[in-house]
Amino acid sequence: MAAENPSPSIQLCVPRAAREIVWSIRREDGGEQTGSQTLDRAAPPTSMALALPASLPLGYHRLHLEAGGMAAEAQLIVAPPRCYLPPQLAEGDRAWGLTCQLYGVHSAHDWGIGDFTDLAEIAATAGACGAAVVGVNPLHALCAAEPLHYSPYSPSSRSWLDFLYIDATAVPGFAEDETVHQLMQSQWFGATHWAARSAQLIDYGAVGVLKRRVLEALYRRFRERDLGGARGEVSELGQSFRQFQQEGGQSLADLAVFEALHEQNCNEQRGFSWRNWPAPLRDRFSPEVAAFAETHRERVEFFQYLQWLSDRQLAAAAAAGRAAGLKIGLYRDLAVGADPNGAEAWADPELVTPAASIGAPPDVLNRAGQNWGLAPVNPRVLRAQGFAPFIACVRANMRHAGVLRIDHVMSLYRLYWIPNGMPPTHGAYVKYPLDELLRIVALESQRQRCAVVGEDLGTVPAGFRERMRAANVLSYRIMVFERREDGRFVPPGEYPPLAAASAATHDLATLEGFWLGRDIAWRRRLNLYPDQAAELADAADRRRDRRMLLEALIAEGLLGENERARFLPSDDEPVFDSALADAVQRYLARSRAGLMLVQIEDLCGEAEQANLPGTIDTHPNWRRRLGRTLEEIIESGELRRLAALIAAERPPPIGR
């Protein structure tokens, strides 16, 4: 229900015998409002608009109706028309931020993967340099029992966190625990730890077993010392955990039971998918699942403990950023769907459609189309459930965040479904209830004081961006796609204010990779082009793009005419260096976009991208580590230097 509507009403089908409709609204705050409406005895309507009070507060309420001996209930959502905007964006300021693929961060203390302590260090450093946000890849829970399924955009559950980001050394009790000390002194631990840290690409298997062993030992210590154990006393930490369990409710319980079941079934060689489990275990409501949860109570609790640790450390990272001056906060990312074999689908199989997956039709990112292997949500079931799964997912991902990026935000309106066994070219669009979903996003955004960025790349329906703009959803503007009809780059002054602008994304080549054509080389090497003509067209387009980018930078006075030959001595031998990278970042800094984002890969001069769309294991997607450690990045002063360049092009408004 629109909060701004002065005369709200709902349409009803009325029983023929009804002479009066009696209604009551149980508000979210516990209060109640009641009323009734008399019907025309001579000609009772079969359908009518029932007037509702205009004084209802924002939130989720329950409407109860009685008429003609019948009763019905429905959820009543009162939502605002627009999302929250922080002062740094709402008042015309132009903020900037740093984004990173957290798993790829390499530091002096890491165990082969970036962690929440690294995120805290990045947030504090960026905040001290004047950044307003620090963005990260989706932090969603993957399958703990099988760390080789590691795509952050194919999660087991989007409402919970990946335990691999826990910094084990920062867990309470780590320094004092004798079992942990002995484990870390073992030859096995030393060899595995060295292998994980020295690997050029992330070894998720090694990282998973290292962290699992230590965290299991710390959980045993926690149970004994903080959850009562033999003494029966629950410590302050233990009380915090119990409160987290209670607040996590059924969703947390379902995730933990799934993780324990998944672990056992993987150990028994039943495969990765829960769809291959014995039939009773596929139903979370079955007596067998309840018996398993009771028998394996401590193991289930261990997986809840991992979520508690993850949430604590993510909260600490957000707090470190705020304390250092990160004005808006963490910029989290919500994947468009979940793995059909994961916890989210197991807990609510009715919600997903197993006979199809979602993806994208052929476009500039992939000329053959894309199949993301994610389960599509059934929009009819979602509405029948009062949108509860969607609400929970959005709310969970706004936790500890100042901005939420919604991946493939067009999913609020439509999704491209691909029938199982068919190529992406044979898919079709399925509509979703945009009005309701967008209102829910706005309601949660206002409540959590969290801005929203909608990733609106690819095939965007006509009028969709305008609809998002009216709801205060920032558009996602990537420089290489911001073109005029003749192919020229859009000047900085023509970027929309309500936007987040960046040079690239995780699905595109880095600045250096784009200029040198590394992405084209990878597609050629992996035979991703449908034919030679497509490959030649891509190469020709890139040659044109380089020339046009130079023209745009020169037109802005960011490069001189004499530097044209320096960076492009010939079409087939481009030259890239930090001066060209600086010019591009300054170009974006001049844009009218309210938020400018800099990838840490571009700050470090990385040439390879995080993910190559259309590939699974032929390209090292989601496994690349930064070539420089976090300490080296900070000590180099590169971030401070870049921050100064951005500040010169993007000064704050007078008086701020």
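Structure above, values below:
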quantity	calculated
Residue within the range 93-105 that is among the small types (Gly, Ala, Ser), in contact (Cβ under 8 Å) with a residue 12 or more places away in the chain and assigned to a loop (DSSP other than H, G, I, E, B) present	no
Index of the failed condition, THR179 passing every other in (1) over 22 Å from the mean Cα position of the chain (by Cα); (2) under 17 Å from ALA108 (Cα atoms); (3) open to solvent by 30 Å² or more (accessible area, probe 1.4 Å)	(2)
Qualifying residue in the range 108-125 (condition: assigned to a loop (DSSP other than H, G, I, E, B), at negative phi, among the small types (Gly, Ala, Ser) and touching a helix residue (DSSP H, G or I) at 6+ places or on another chain (Cβ under 7 Å))	yes
Residue count, the range 382-406 (criterion: open to solvent by 20 Å² or more (accessible area, probe 1.4 Å) and either under 26 Å from PRO87 (Cβ atoms) or of a type in the set (Lys, Arg) (or both))	5
Boolean, GLY557 is at positive phi and open to solvent by 40 Å² or more (accessible area, probe 1.4 Å)	yes
The range 1-42 - residue that is of a type in the set (Gly, Ala, Ser) and open to solvent by 80 Å² or more (accessible area, probe 1.4 Å) and, of those, modelled with the lowest pLDDT	ALA42
Leading residue by the ranking (modelled with the lowest pLDDT) among those in the range 260-282 that are within 26 Å of the chain's Cα centre (by Cα) and of a type in the set (Gly, Ala, Ser)	SER273
From the options ALA537, ALA607, residue that is of a type in the set (Gly, Ala, Ser), at pLDDT below 95 and open to solvent by less than 60 Å² (accessible area, probe 1.4 Å)	ALA537
Identity of the residue in the range 283-311, of a type in the set (Lys, Arg) and touching a helix residue (DSSP H, G or I) at 6+ places or on another chain (Cβ under 6 Å), that ends up modelled with the highest pLDDT	ARG299
Any pair with Cβ under 6 angstrom, 6 or more apart, that starts in the range 317-332 at a residue that is over 12 Å from VAL403 (Cβ atoms) and ends at one that is of a type in the set (Phe, Trp, Tyr)	ALA317/PHE116
Filtered residue count, the range 494-525, keeping only those that are outside any loop (DSSP other than H, G, I, E, B) and either over 20 Å from VAL598 (Cβ atoms) or without any contact (Cβ under 8 Å) to a residue 60 or more places away in the chain (or both)	8
Unmet requirement for LEU568, which otherwise passes all of (1) among the hydrophobic types (A, V, I, L, M, F, W, C); (2) open to solvent by 20 Å² or more (accessible area, probe 1.4 Å); (3) modelled with pLDDT of 95 or more	(3)
The range 139-173 - residue that is among the hydroxyl-bearing types (Ser, Thr, Tyr) and under 17 Å from the mean Cα position of the chain (by Cα) and, of those, surrounded by the fewest Cβ atoms within 10 Å (Cβ to Cβ)	SER151
Odd one out for VAL584 among (1) of a type in the set (A, V, I, L, M); (2) under 27 Å from GLY114 (Cα atoms); (3) in a helix (DSSP H, G or I)	(2)
Some residue of the range 472-488 being within 27 Å of ALA396 (Cβ to Cβ), open to solvent by 30 Å² or more (accessible area, probe 1.4 Å) and in contact with a His (Cβ under 9 Å, 6 or more places away or on another chain)	no
Exclusive hit being free of Cβ contacts under 8 Å to residues at least 40 places away in the same chain, in a loop (DSSP other than H, G, I, E, B) and among the hydrophobic types (A, V, I, L, M, F, W, C), set LEU528, LEU558, LEU550, LEU536	LEU558
Matching residues, the range 86-106, being more than 18 Å from ALA131 (Cβ to Cβ) and touching a strand residue (DSSP E or B) at 6+ places or on another chain (Cβ under 7 Å)	GLY104
Wholly within the range 372-442, strands (runs of 3 or more DSSP E) carrying at least 1 residues that are over 18 Å from the mean Cα position of the chain (by Cα)	414-419, 428-431
Among residues of the range 573-595, those that are surrounded by fewer than 15 Cβ atoms within 10 Å (Cβ to Cβ) and either of a type in the set (Ser, Thr, Tyr) or in contact with a Lys or Arg (Cβ under 8 Å, 6 or more places away or on another chain) (or both), counted	2
Within the range 21-88, strands (runs of 3 or more DSSP E) holding 3 or more residues that are over 42 Å from the mean Cα position of the chain (by Cα)	32-38
The range 440-467, residues that are open to solvent by 10 Å² or more (accessible area, probe 1.4 Å) and either of a type in the set (Gly, Ala, Ser) or under 15 Å from LEU85 (Cα atoms) (or both)	GLN446, ARG447, GLN448, ARG449, GLY458, ALA462, GLY463
All positions within the range 449-477 that are more than 16 Å from ALA360 (Cα to Cα), out of contact with any Leu (no Cβ under 6 Å at 6 or more places or on another chain) and not in a strand (DSSP E or B)	ARG449, ALA462, GLY463, PHE464, ARG465, GLU466, ARG467, MET468, ALA470, VAL473
Any hit, the range 619-630, residues being open to solvent by less than 20 Å² (accessible area, probe 1.4 Å) and farther than 30 Å from LEU526 by Cα	yes
Exclusive hit being of a type in the set (A, V, I, L, M, F, W, C), open to solvent by 20 Å² or more (accessible area, probe 1.4 Å) and part of a helix (DSSP H, G or I), set ALA256, ALA260, ALA290	ALA290
Test: ALA503 is of a type in the set (A, V, I, L, M) and either surrounded by fewer than 16 Cβ atoms within 10 Å (Cβ to Cβ) or within 30 Å of GLN446 (Cβ to Cβ) (or both)	no
Single residue of the range 355-381 satisfying the filter (without any contact (Cβ under 8 Å) to a residue 60 or more places away in the chain and within 30 Å of LEU528 (Cβ to Cβ)) that is most open to solvent (accessible area, probe 1.4 Å)	ASN371
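The values are calculated or read from the model by the stated rules, or taken from the named source; none is laboratory data. If you're wondering where the values come from, they're calculated on a predicted model, not measured in any experiment. Note: ideal-geometry Cβ built from the backbone for every residue, glycine included; neighbour counts use all protein chains shown. Only protein heavy atoms, including side chains, enter the accessible area calculation; ligands, DNA and RNA are left aside. Shrake-Rupley method; radii C 1.70, N 1.55, O 1.52, S 1.80 Å.
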